[in-house]
Amino acid sequence: MKILVINGVNMNMLGIREPEKYGSMTLKDLEKDLYAFSFELGIDIETFQSNHEGEIVEKIHSAKGNFDGILINAGAYTHTSIAIRDALSAVALPVVEVHMTNIYTREEFRHHSYIAPVSLGQISGFGINSYKLGLKAIVDFLSEDN
């Protein structure tokens, strides 16, 4: 089983950007932890980060036939990008949306997600554990008799 983990806009600033919300963990630290967790789950992951909407869309397109599912934290694109939503819908892979912070306790504009309607579910507010819970959810979904 192979899962694509996508981090969107500003996620490369982890450890620098708003540490009171996101902590001191860098994107490299996050990825290292996710690779270790994927080993525990017995799956393969590939991580990808971009601040460019079109690059994220192209990466999603390339997932078709190469991955079994997608875990995505699109960052602010969650609330603005119909293009990313449409790409996820087009590839028809199981998707779980994750956020490190609870988007529903933040600014009003963060309460809407274009990604949620094309996802199996959404996990927010648990820091890196949002990613781990999301990976576990995809693995469990793909392991069920569908």
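Values as computed for the structure displayed
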| read-out | value |
| --- | --- |
| Members of the range 68-84 found to be polar (S, T, N, Q) and either open to solvent by less than 10 Å² (accessible area, probe 1.4 Å) or in contact with a helix residue (DSSP H, G or I) (Cβ under 7 Å, 6 or more places away or on another chain) (or both), listed by number | Asn73, Thr78, Ser81 |
| Selection within the range 99-124 - more than 22 Å from Ala83 (Cα to Cα) and either part of a helix (DSSP H, G or I) or more than 13 Å from the chain's Cα centre (by Cα) (or both) | Asn102, Tyr104, Thr105, Arg106, Glu107 |
| Test: residue in the range 128-137 that is in contact with a strand residue (DSSP E or B) (Cβ under 8 Å, 6 or more places away or on another chain), over 21 Å from His52 (Cα atoms), surrounded by fewer than 21 Cβ atoms within 10 Å (Cβ to Cβ) and hydroxyl-bearing (Ser, Thr, Tyr) | no |
| Top-ranked residue of the range 85-102 - restricted to ones that are surrounded by 15 or more Cβ atoms within 10 Å (Cβ to Cβ), out of contact with any strand residue (DSSP E or B) (no Cβ under 6 Å at 6 or more places or on another chain) and among the hydrophobic types (A, V, I, L, M, F, W, C), ranked as modelled with the lowest pLDDT | Met100 |
| Among the candidates Lys59, Lys64, residue that is surrounded by 15 or more Cβ atoms within 10 Å (Cβ to Cβ) and closer than 21 Å to Met1 by Cα | Lys59 |
| Filter result (in contact with a helix residue (DSSP H, G or I) (Cβ under 9 Å, 6 or more places away or on another chain), open to solvent by 50 Å² or more (accessible area, probe 1.4 Å) and not charged (D, E, K, R)) within the range 27-48 | Gly42 |
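The values are calculated or read from the model by the stated rules, or taken from the named source; none is laboratory data. If you're wondering where the values come from, they're calculated on a predicted model, not measured in any experiment. Please note: Cβ atoms are built from the backbone with ideal geometry, for glycine as well, and neighbour counts cover all protein chains shown. Areas reflect the complete protein model, heavy atoms only, side chains present, ligands, DNA and RNA absent. Shrake-Rupley method; radii C 1.70, N 1.55, O 1.52, S 1.80 Å.
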